[in-house]
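S.K.: Pasting a structure here, questions to come.
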Amino acid sequence: MTRPRLYISSFKCSLQILAFLLIVIIGIHLTGNIYTAAVSMNGTNKFTEQRYQEFYSLPEGDVDLLFIGSSHSYCTFNPANFPAYRGYQLGTPLQHADTSYYVLKDALKHQTPKIVVQEVYWDMLDDDFDLKQASTFFSVLDDDSIRKEYIDEVFPLAEKFKYSIPAIRYQSDYFAYRAAKINANLETAYGVAAPKENGSAGNEYYVNRGYVYCDTIMPEAEYDRTNQFKTLNGNNLKISDTQTLYLKKIKTLCDQNNILLIFVTAPIAPVSMNYIRNYHALHDQIASIADQLEVPYLDYNLIDLGLTDLNFRDDAHLNDSGVNIVDEHFNAWLNNLAA
């Protein structure tokens, strides 16, 4: 006599579970839409979009010197500082070697560079995969076949799942946008900017050929309290086998297209270098790969150009004054190499 009641109870329970799952799915979908919208509002992403929009609009044969790599690439090399070349900057935030390979592969469908400068920063080489930087590249990439190949060849299974859900994929973009929005609202409402420990707030804007001008001076806090290199010991960092593989693939791709490949490690602020223990262990790992591949390699942390902390926008990236100093040296070095 109790079976119908049990059946009804079970049916109600199933409906409640389905309703709950429906609410969760709708919530994830709406959150994903909000997070996706924030991507185009993030300042750094806007610069990346401008960089790629201009690149795709260039006529064929307009690039013979191509810069690729992470923010250390686009914060170090201004194509305008290399007058003997038609240069272009295709660095993207956090770009790892696996992404650099597909950046180059895509670029070669549009241009025929004779020289490729691959920026090699150890912190972009020590992990096997990073979803954020891959997603940033995908947001500007116009070739679905390269996107598919990258996902098939590089993405671990769990990262494929994360990428398929915008609420997860764009989470960091959304919170970066919200933080900037909160600061802007404080300034509008109260007539004062949010507190900053900064030598100079500076200006930052897209110029052309992939370069973003910035004259910000490193915040005082990054000299000590918030400096990211305070605990770095080069002996504790190992370059990923995956990223090493893609540096090799980049070299092979360059050889197949008669391109001269150059590795460069961009400088970090002198105050940051003073914190790092056993820097030689970082340098030696990259130098070893360069030697194996027979790729010329410059490490600007071991070349004295008279840079000071005032030439940096933060503890790891040059401002425009520092860019001009490094580029003058690299331009002369490059011209001698090509002579």
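The values are calculated or read from the model by the stated rules, or taken from the named source; none is laboratory data. Please read all numbers here as calculations on a predicted model, not as lab measurements. Methodologically, a virtual Cβ is constructed for each residue, glycine included, from the backbone with ideal geometry; neighbour enumeration extends over all protein chains shown. With ligands, DNA and RNA removed, areas are computed over all heavy atoms of the protein, side chains included. Shrake-Rupley method; radii C 1.70, N 1.55, O 1.52, S 1.80 Å.
S.K.: For Asp142, state whether it is modelled with pLDDT of 95 or more and not in a loop (DSSP other than H, G, I, E, B).
M.R.: no
S.K.: Ok, one more. Report, ordered by the first and then the second residue, all pairs with beta carbons closer than 6 Å, sequence separation of six or more or different chains, a first member in the stretch 117-137 that is farther than 20 Å from Leu282 by Cα and open to solvent by 10 Å² or more (accessible area, probe 1.4 Å), and a second member that is at pLDDT below 95 and not β-branched (Val, Ile, Thr).
M.R.: Leu131/Glu159; Leu131/Lys162; Lys132/Ser172
S.K.: So Tyr35 clears everything in (1) at pLDDT below 90; (2) assigned to a helix (DSSP H, G or I); (3) more than 17 Å from Lys162 (Cα to Cα) except one condition, right? Which one?
M.R.: Looking at each condition in turn, Tyr35 falls short on (3).
S.K.: Which is in contact with a Lys or Arg (Cβ under 8 Å, 6 or more places away or on another chain) and at pLDDT 95 or above, of Leu307, Leu261?
M.R.: The conditions single out Leu261.
S.K.: Can you name every residue in the stretch 301-328 that is under 29 Å from Lys249 (Cβ atoms), surrounded by 14 or more Cβ atoms within 10 Å (Cβ to Cβ) and either in contact with an Asp or Glu (Cβ under 8 Å, 6 or more places away or on another chain) or without any contact (Cβ under 8 Å) to a residue 60 or more places away in the chain (or both)?
M.R.: Correct list: Asn301, Ile303.
S.K.: When you scan the stretch 262-339 for helices (runs of 4 or more DSSP H) that lie fully inside it, which ones turn up with 2 or more residues that are in contact with a helix residue (DSSP H, G or I) (Cβ under 6 Å, 6 or more places away or on another chain), over 22 Å from Tyr74 (Cβ atoms) and not β-branched (Val, Ile, Thr)?
M.R.: Of the helices (runs of 4 or more DSSP H) lying wholly inside the stretch 262-339, those with at least 2 residues that are in contact with a helix residue (DSSP H, G or I) (Cβ under 6 Å, 6 or more places away or on another chain), over 22 Å from Tyr74 (Cβ atoms) and not β-branched (Val, Ile, Thr) span 279-293.
S.K.: What number of residues within the stretch 118-135 satisfy the criterion of being of a type in the set (Val, Ile, Thr) and either in contact with a Leu (Cβ under 7 Å, 6 or more places away or on another chain) or more than 26 Å from Gln50 (Cα to Cα) (or both)?
M.R.: The total comes to 0.
S.K.: Suppose we filter Gln95, Gln53 for residues that are open to solvent by less than 10 Å² (accessible area, probe 1.4 Å) and modelled with pLDDT of 95 or more; which single one remains?
M.R.: Gln95
S.K.: Look at Asp142 and say whether it is more than 13 Å from the chain's Cα centre (by Cα), open to solvent by 10 Å² or more (accessible area, probe 1.4 Å) and among the acidic types (Asp, Glu).
M.R.: Against the criterion (more than 13 Å from the chain's Cα centre (by Cα), open to solvent by 10 Å² or more (accessible area, probe 1.4 Å) and among the acidic types (Asp, Glu)), Asp142 qualifies.
S.K.: Consider Leu232 carefully, then state whether it is open to solvent by 10 Å² or more (accessible area, probe 1.4 Å) and either in contact (Cβ under 8 Å) with a residue 24 or more places away in the chain or more than 21 Å from Leu298 (Cβ to Cβ) (or both).
M.R.: So Leu232 passes the test.
S.K.: Let me ask something additional. Residues of the stretch 313-327 being under 16 Å from Tyr205 (Cβ atoms) and among the acidic types (Asp, Glu), which ones?
M.R.: Asp320
S.K.: Quickly run through the stretch 286-300 and pick out the residues that are open to solvent by 20 Å² or more (accessible area, probe 1.4 Å) and within 21 Å of the chain's Cα centre (by Cα).
M.R.: Tyr297
S.K.: Within the set of pairs 6+ apart or on separate chains, which have a first residue in the stretch 42-64 that is more than 25 Å from Ala84 (Cβ to Cβ), a second that is polar (S, T, N, Q) and at pLDDT 95 or above, and C-beta atoms under 6 Å apart?
M.R.: Thr48/Thr92
S.K.: Could you please find all residues in the stretch 103-116 being open to solvent by less than 30 Å² (accessible area, probe 1.4 Å) and either hydrophobic (A, V, I, L, M, F, W, C) or more than 25 Å from Val264 (Cα to Cα) (or both)?
M.R.: Val103, Leu104, Ala107, Ile115, Val116
S.K.: In the stretch 228-255, how many are among the hydroxyl-bearing types (Ser, Thr, Tyr) and either at positive phi or part of a loop (DSSP other than H, G, I, E, B) (or both)?
M.R.: 2
S.K.: Okay, moving on. Which one of these does Val326 not meet: (1) closer than 20 Å to Leu66 by Cα; (2) touching a Gly at 6+ places or on another chain (Cβ under 8 Å)?
M.R.: Of everything listed in (1) closer than 20 Å to Leu66 by Cα; (2) touching a Gly at 6+ places or on another chain (Cβ under 8 Å), Val326 misses just condition (2).
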